[in-house]
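Laboratory data are not the source of any read-out in this text; all were calculated from the coordinates shown. All of these numbers come straight from a predicted model, not from anything done at the bench. All Cβ positions, glycine included, derive from the backbone under ideal geometry; neighbour counts span all protein chains shown.
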Amino acid sequence: MNTQSSAHILAGSPLSESDHVGKATILVVDDTPDNLSLMHSLLKDDYQVKIANSGEKALKIALSDTPPALILLDIMMPDMDGYEVCRRLKLDPKTRNIPVIFLTAKTEAEDEKKGLELGAVDYITRPISPPIFMARVKNHLSLQEKNIELAHAKFVAEKANLAKSSFLLSMSHELRSPLNAILGFAQLMEIDTPPPTPLQKESVTQILQAGWHLLQLIDEILDLTKIESGHVPMSKEPVSLAEVLHECQSMIGAQAQQRGIKLTLPQFDAPYFVSADRTRLKQVLINLLSNAIKYNRKDGTIKLQCSNSSLGRTRISIKDSGTGLSAEQLPNLFQPFNRLGQEAGVEPGTGIGLVMAKRLVELMGGIIGVESTVGVGSVFWFELTAVAEPHLAIAEVEAGTLPHLLAPRGKRQHTLLYVEDNPSNMKLVEQIIARHPDISLLTAETGNSGVEIARTSVPDVILMDINLPDIDGFEALKILRADPATAPIPVIAFSANAMPREIERGLQAGFFRYITKPIKVDEFMRALDEAFDHAHHGINEVT
């Protein structure tokens, strides 16, 4: 990339084929003809030289379709001094990245300081030494070219990252839809009447375990994309390590017990509180503990410790008795999709869990590391800012402020309209609802037909897919809300778009709930119960 085309990229001007060849252009701005003549004679052999004898002419050339790669600017000019020219160049997005060198007879330190503060890259005083002057010009043009290459590389990387995120979001939707049918029907088989035989039950259990694991892998990849972009909502607060570790033990204890792993948690003599997002802290701990179980030896041990570290931090360390890692493996440990020789092993996983743990710890303002010895085991540790135990005031709770409990459906008849174009998903919901004789199901395969059925039948609740063949679920919701007859009906979004920003968008648009596919049948029915309860109690606000 030559420096002239580089200037075009930074200035935001279009590039023509001829711009990619030839010499870099330097604009010399001076109202003294002798100075212009001298600069022209020095530069003409190596560069294309443009001249301007006023600030106005200089700005006009800089804003043209062929801006210069470098500007040599005098300070003392009658209509507009060089300082003002430089200030205007740096204010305009089209010219702010063109490097400016002040070339002047003003030798005071304050003048040089002012020029550099305005954004000039150099300040050269007359009389000049031609060899030194030419070397400085060459260096600044070379630096400008490197800056452009870096800017272009960053642009390409950001574009590729955006394409990756879009692809993963699309793949998530495509994978979640068939998973919804697999997991949904498997759950129905598990609770069917008559119940499955022991052999059938074992097969169903295997289907469910594999399906939920596949869903977890999909979610992990999407989560990594979100974390790497920095778009992770963080709600940092004082978090009790004793409470979080107890919750993690409940979640991970069975896994350790199945493998004969002895898990030892610290006995807290004093309270340990850290500044963290509680959900994300649990995610980090579960990830590290799961790895310590997976890659441990049979009948091994895991010891978790908490201690006060330097700089007001608390260190949480997880020591295992596994095979350990070599010094050559450690530098690659926190790289995405790198499982460090475990690819051929029996342990499932994507190899991104540690990457996510590292990113999350850093987003919470902490640091993470590992120490390992081959044949002995590993110690994974991370540090978070230690905080004091919060003192919460206990407020009296009046009876009227207690959470509203769901009224049982009892014998009251309910009507549900399901708008869905996927036959498998439609059949799954039909079979779920068939087990509830107090619910009548209406169906529609397009957004427009769903709106029409809602207007004529006025169901109690509407279950709405987002990606429909004609209008999407958001547009259908908008139409329903605009019609007084259908505006009060609670509408539940039912979608494979599981990214947090999509869920937030759905709730902000006015959906009563946002359920992601694949569904868990009990959670699905709980959401329907809430919606029916909402509808029959005449609550007008959307929660």
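Where both residues lie in the chain, what percent of DSSP beta bridges are antiparallel, nearest 5?
40
Excluding residues on the same chain fewer than 8 positions from Lys201, give the aspartates and glutamates whose Cα lies under 16 Å from its Cα.
Lys201 reaches Glu190, Asp192.
Given region 403-536, report the % of alpha carbon pairs whose separation exceeds 20 Å.
Of all Cα-Cα pairs in region 403-536, 40 percent lie more than 20 Å apart.
Could you pull out the pairs from Lys427/Lys478; Lys23/Lys113; Lys164/Lys358; Lys60/Lys159 whose alpha carbons sit more than 25 Å apart here?
Lys427/Lys478; Lys23/Lys113; Lys60/Lys159
Once the dipole of the chain is set up with Lys and Arg at +1 and Asp and Glu at -1 on Cβ about the Cα centre, which of Leu360, Leu141, Thr323 lies farthest towards its positive end?
About the Cα centre, the residue reaching furthest to the positive side is Thr323.
Exposure proxy check: Val49, Val100 ranked by fewest other beta carbons within 10 Å? Spell out each step's value before the answer.
On the way: Val49 20, Val100 27.
In order of increasing Cβ crowding within 10 Å: Val49, Val100.
(i) 61, 36, 24; (ii) 37, 29, 24; (iii) 130, 21, 18: which one is semi-axes √(5λ) of the Cα gyration tensor in Å as calculated from this entry?
(i)
Can you show me the helix-derived [θ] at 222 nm for the chain, built from DSSP H runs with n ≥ 4 at -39,500 (n - 2.57) apiece and divided by the number of residues, rounded to the nearest 500.
-15000 deg cm²/dmol
Treating only the Cβ atoms of Lys and Arg (+1) and Asp and Glu (-1) as charged, compute the dipole magnitude of region 237-387 about its Cα centre; round to the nearest 20 debye.
Magnitude of the dipole: close to 200 debye.
About its Cα centre, what dipole magnitude does the chain give when the only charges are +1 on Lys and Arg Cβ and -1 on Asp and Glu Cβ, stated in debye to the nearest 20?
Working: 53 positive and 67 negative charges, 222 e Å.
The dipole of the chain has a size of about 1060 debye.
What is the packing order of peptides 459-470, 477-488, 442-453, taking the mean over residues of other C-beta atoms within 10 Å and listing the highest first?
459-470, 442-453, 477-488
Could you please report the charge total around Pro196, scoring K, R as +1 and D, E as -1 over all other residues with beta-carbon less than 10 angstrom from its beta-carbon?
On the way: positive: Lys201; negative: Glu190, Asp192, Glu202.
Around Pro196, the surrounding residues sum to -2.
Sticking to Cα atoms, compute the Rg of region 237-387 to one decimal and its Dmax as the biggest Cα-Cα distance, whole number, in Å.
Rg, Dmax (Cα atoms, Å): 14.7, 44.
By count of other Cβ within 10 Å, fewest leading, how are Trp381, Trp212 ordered?
Ascending number of Cβ neighbours within 10 Å: Trp212, Trp381.
What does the extension gain come out to for Arg412 and Leu208, with contour length at 0.36 nm per residue minus their alpha carbon separation?
70.1 nm
Does region 140-294 classify as rounded, prolate or oblate by the C-alpha gyration tensor (a ≥ b ≥ c root eigenvalues; a/c under 1.5 gives rounded; else a/b over b/c gives prolate, otherwise oblate)?
Cα axes put region 140-294 in the oblate bin.
What is the order of Phe532, Phe494, fewest Cβ neighbours within 10 Å to most?
Phe532, Phe494
Hydropathy at least 0.0 by Kyte-Doolittle, axial extent at least 20 angstrom from the Cα trace: which helices of the chain, defined as entire DSSP H runs, fit?
Taking the DSSP H segments of the chain (at least 20 Å long, mean hydropathy at least 0.0), we get 130-190, 198-228, 241-258, 278-294.
At Glu328 and Ser142, where each label point lies 7 Å from the Cα along Cα→Cβ, what is the point-to-point distance in nanometres?
Between Glu328 and Ser142, the simple spin-label model gives 3.8 nm.
For region 163-228, what ratio Rg/Rh do Cα atoms give with a Kirkwood hydrodynamic radius?
Reported Rg/Rh (Cα atoms, Kirkwood Rh): 1.14.
Could you give the length gained by full extension between Lys298 and Leu363, i.e. 0.36 nm per residue of separation minus their alpha carbon distance, to one decimal place? Show your work: numbers first, answer last.
Values: separation 65, 0.36 × 65 = 23.40 nm, distance 3.47 nm.
Gain in length upon complete extension: 19.9 nm.
With a cut-off of 8 Å between alpha carbons and a minimum separation of six or more residues, what is the relative contact order of the chain in percent?
Computed value for the chain: 10 percent relative contact order.
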